[in-house]
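The values are calculated or read from the model by the stated rules, or taken from the named source; none is laboratory data. Because the structure is predicted, anything quoted here is derived from the model rather than measured. FYI the Cβ positions are ideal-geometry reconstructions off the backbone, even for glycines, and counts take in every protein chain you see.
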Amino acid sequence: MPNLGLEIKRKCKFCGKVFLIKTLDSYYCCKKSLEEELETKRRALKVLTTMIEKLTDQRKEIESEIESLEAQLQKSGSDRNEIAQEIVALHMKLASINEKLEEKHDKLNKVHQEIANLKESYDSRMEMVNDAIESDKLITNYLNHHVSIMLKASILDQVLTVLSDLPISAAISFWVTVGFFCTIRNTAASSKVQFLHFRGSSLLVFALWKSGFAL
């Protein structure tokens, strides 16, 4: 979601801290609060799942008891009233358990939806963070590249300033020495030294041509 042009404050759903929202779907003041809220919901999901499992086991036991008592009721004689009362009591317990199960299932579905929404918010926040990191990398690379060019140009200007005060023969000797060094070291020679030698050699040849090769 795009950033807002207005300043809107909202209370964090997890810690209650008031913060300035960046997007309309921002409900947590920071990534940590969002992660802790997500973990809280996951724990609630685990507790609800355990409770539903226990209630389901209780329902199965009661249904089994009712089935057994109903079978006895068909065969029994004098104690039919007592068995019938037990069956009625078990049906009441069963109804109560079914009601609790329905309630827990509703809460479970709600928590599932809340977790899905939190994950979506978390993914959205992380996407914004990653975009910011990529943007910073691009800016950093751009600056490093241009700073490197500026440094190389500055170094070359300083070298050429020194060489301009030397006789042509001394300047030639300097660049021959640099060229010999680069040839010997080959791939080991630094790119900066190779750069200086190439630029300097080109300028030196041009200067010699302009001066009519007068040493």
Open item on the list: With in a helix (DSSP H, G or I) and among the basic types (Lys, Arg) as the only criterion, which of LYS22, LYS32, LYS13 stands out?
Closed with: LYS32
TODO: Could you check LEU34 against (1) touching a residue at least 24 places away in the same chain (Cβ under 8 Å); (2) out of contact with any helix residue (DSSP H, G or I) (no Cβ under 6 Å at 6 or more places or on another chain) and say which number it fails?
DONE: (2)
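Would you confirm, using the coordinates I've provided, whether LYS13 is surrounded by 11 or more Cβ atoms within 10 Å (Cβ to Cβ), charged (D, E, K, R) and not assigned by TED's automatic domain parsing to the domain that holds LYS100? Lay out the reasoning, then the answer.
Numbers: surrounded by 11 or more Cβ atoms within 10 Å (Cβ to Cβ): yes; charged (D, E, K, R): yes; not assigned by TED's automatic domain parsing to the domain that holds LYS100: yes.
It is true that LYS13 is surrounded by 11 or more Cβ atoms within 10 Å (Cβ to Cβ), charged (D, E, K, R) and not assigned by TED's automatic domain parsing to the domain that holds LYS100.
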Task: Extreme residue, nearest to LEU108 (Cα to Cα), among residues of the stretch 49-93 that are assigned to a helix (DSSP H, G or I) and of a type in the set (Gly, Ala, Ser) - done: SER64
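What is the residue count in the stretch 10-21 for residues that are touching a Phe, Trp or Tyr at 6+ places or on another chain (Cβ under 7 Å) and over 13 Å from LYS31 (Cα atoms)?
Within the stretch 10-21, residues that are touching a Phe, Trp or Tyr at 6+ places or on another chain (Cβ under 7 Å) and over 13 Å from LYS31 (Cα atoms) number 1.
Would you point out which residue out of GLU53, GLU67, GLU39 is at pLDDT 95 or above and surrounded by fewer than 13 Cβ atoms within 10 Å (Cβ to Cβ)?
GLU53
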Open item on the list: Quick check on LEU118: is it assigned to a helix (DSSP H, G or I), at pLDDT below 95 and within 28 Å of the chain's Cα centre (by Cα)?
Closed with: yes
